[in-house]
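The values are calculated or read from the model by the stated rules, or taken from the named source; none is laboratory data. Owing to the predicted nature of the structure, the values given are computational and were not obtained by experimental measurement. Here the Cβ positions follow ideal geometry from the backbone for every residue, glycine too, while neighbour counts run over all protein chains shown.
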Amino acid sequence: MNISGLRAGQGSPSQQTDRAASSSTQASPAPAGRRLQRQDALPTNTRYQASQMPATPERARVAARNSAGASSSAAHAQPSLSLSRQNAHREDPALARFHHQMQQSTKMSRADPLPEKPQVVPKRLQEKIDAINLPRLKKLDNNLHEYGKMATELAKEGSGSSSALTRMDKKVLPLLADAENARHPGLNLHVYKKGEECYQAIKDQHKSVQQSGQPKTMRALYPPFKGMPDHHIALDIQLRPGHRPSIVGFESALGHMVEHLKQGIAEGVRGAKVHMVGNTIQNSQWDCTMYSLSNALKSFKHHDEYTARLHKGEKVPVPAEFFKHAQSKSSVEGKPHQDAVVTKDKGGLHAETLLHRNLAYRADRFDRAYSTSIEGFRMQEIQRAGEHLAAKKHKS
């Protein structure tokens, strides 16, 4: 549902006082020298309506919804000509320009009708592919250019991921983490090549926190199993003075590995409190690195209402946003979170539910259909890494 609207204006206290005095014949004059009447003594039924905006379908729906309130308030007060002109000057150009920008955004495709059957390359994925500027990436970083070229070609072919692309995922992951750290102060995301390296870093940071008395939160991406260098998971780590380390791990792959992971982390960081989240939304063989990065970002974005509560030992349902890249429709359809809005825009032109997103990214490949949202996430991260490098180059 796409809704946009205007918020009714409100007059200054002096304007409200003048209207309150003229509307009542019984009101006694204010004492000499008193310039302002108490604001809580003003009439509560005084409202102002902003000047009318140019008609659009979205604004028409809002106008119809608010017409009853507007007509009733008009009986009590009418805005002055100067106020109407002021509102028109302030709201007309700015909001019209903002609305136009919203409509021109590629995010408007979230409101497109779903295709009757899945395509080889869904429109939503194609938009992510088109956003990558390969010539620009070539000028910025050879590895990022090679990565972007391989990812876009495989997606266009409808081939999805591959072992070669997974190797590039791992190779460029430190750069992707740097780009996200720059975008999100406080993310503190680190990439490790081995489990032992990750666990030692946690122990070193824990020791530093005990010495300094300053708490720290960090995130880590690493391969937890020996002999499985391609598989990656995400950790959210909370370190506090006087407390043992608290670690929340996120695993998206199928295979009943959660308990093995929990045991391995507990052995690697002895004495730590460990909790594992198994939101098994990954059906593919090759996308572990991207899922781990996505989980790390979501653990940060939903820290206050979700991850921090897991650190406290509370049982909290996994937020719907963690299922945005679910490959199987069965992970979403018919579930309590299928109608949850999973976009930053929660009620406007760019709002989208979890199920709609899953179906919009659904592709028909290899005699089966599945969501390619994680491939779109990869394109997004490549684009952000390019923007990060360009910004660094501009500063130097």
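Residue-level check: of (1) over 23 Å from ASP204 (Cα atoms); (2) surrounded by fewer than 18 Cβ atoms within 10 Å (Cβ to Cβ); (3) among the basic types (Lys, Arg), LYS324 misses just (2).
Of the residues making up the stretch 173-212, those that are buried (at least 20 other Cβ atoms within 10 Å of the Cβ) and among the basic types (Lys, Arg) number 0.
Evaluation of HIS260 against the conditions (1) touching a Leu at 6+ places or on another chain (Cβ under 7 Å); (2) more than 23 Å from TYR306 (Cα to Cα) shows that the sole unmet condition is (1). For the stretch 367-379, the condition holds for at least one residue, the condition being that it is part of a loop (DSSP other than H, G, I, E, B) and either touching a His at 6+ places or on another chain (Cβ under 7 Å) or at negative phi (or both). Within the bounds of the stretch 339-346, is there any residue that is closer than 30 Å to LYS149 by Cα, buried (at least 18 other Cβ atoms within 10 Å of the Cβ) and without any contact (Cβ under 8 Å) to a residue 40 or more places away in the chain? Looking for residues that are closer than 30 Å to LYS149 by Cα, buried (at least 18 other Cβ atoms within 10 Å of the Cβ) and without any contact (Cβ under 8 Å) to a residue 40 or more places away in the chain, one finds at least one in the stretch 339-346, hence yes.
All of VAL258, VAL269, VAL248 fail the test of being hydrophobic (A, V, I, L, M, F, W, C) and over 23 Å from PRO215 (Cα atoms), apart from VAL258. The sole residue among SER284, SER294 that is polar (S, T, N, Q) and over 18 Å from TYR192 (Cα atoms) is SER284. The single residue among ASP287, ASP304 that is among the acidic types (Asp, Glu), crowded, with 21+ Cβ neighbours inside 10 Å and closer than 26 Å to ASN188 by Cα turns out to be ASP287. Regarding the stretch 370-378, can at least one residue be identified that is touching a Lys or Arg at 6+ places or on another chain (Cβ under 7 Å) and over 28 Å from GLU153 (Cα atoms)? Within the stretch 370-378, none of the residues are touching a Lys or Arg at 6+ places or on another chain (Cβ under 7 Å) and over 28 Å from GLU153 (Cα atoms). Number of residues in the stretch 171-198 that are in contact with a strand residue (DSSP E or B) (Cβ under 9 Å, 6 or more places away or on another chain), in a helix (DSSP H, G or I) and not polar (S, T, N, Q): the value is 9. For the residues PRO224, PRO229, PRO241, the requirement of being assigned to a loop (DSSP other than H, G, I, E, B) and either surrounded by 20 or more Cβ atoms within 10 Å (Cβ to Cβ) or in contact with a Lys or Arg (Cβ under 6 Å, 6 or more places away or on another chain) (or both) singles out PRO224.
Conditions (1) assigned to a helix (DSSP H, G or I); (2) touching a residue at least 12 places away in the same chain (Cβ under 8 Å); (3) in contact with a strand residue (DSSP E or B) (Cβ under 8 Å, 6 or more places away or on another chain); (4) more than 15 Å from HIS232 (Cβ to Cβ), marked per residue:
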| position | (1), (2), (3), (4) |
| --- | --- |
| GLY249 | no, yes, yes, no |
| LEU261 | yes, yes, yes, no |
| GLY264 | yes, yes, no, no |
| VAL274 | no, yes, yes, yes |
| THR289 | yes, yes, yes, no |
| PHE300 | yes, yes, yes, yes |
| GLU305 | yes, yes, no, yes |
| LEU310 | yes, yes, yes, yes |
| GLU314 | no, no, no, yes |
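For beta carbons closer than 6 Å, sequence separation of 6+ or different chains, a first residue in the stretch 376-396 that is more than 19 Å from THR289 (Cα to Cα) and a second that is surrounded by 13 or more Cβ atoms within 10 Å (Cβ to Cβ), the qualifying pairs are HIS388/ALA179; HIS388/ALA182; LEU389/LEU140; LEU389/ASP141. In the condition set (1) assigned to a helix (DSSP H, G or I); (2) at pLDDT 95 or above; (3) buried (at least 17 other Cβ atoms within 10 Å of the Cβ), ARG110 is compliant with all but (2). Condition (residue is under 21 Å from the mean Cα position of the chain (by Cα), among the polar types (S, T, N, Q) and surrounded by fewer than 17 Cβ atoms within 10 Å (Cβ to Cβ)) applied to the stretch 377-384: is it met by at least one residue? Scanning the stretch 377-384 turns up at least one residue that is under 21 Å from the mean Cα position of the chain (by Cα), among the polar types (S, T, N, Q) and surrounded by fewer than 17 Cβ atoms within 10 Å (Cβ to Cβ).
Every test in (1) of a type in the set (D, E, K, R); (2) touching a residue at least 40 places away in the same chain (Cβ under 8 Å); (3) not in a strand (DSSP E or B) is passed by ASP364 save one, and that test is (3).
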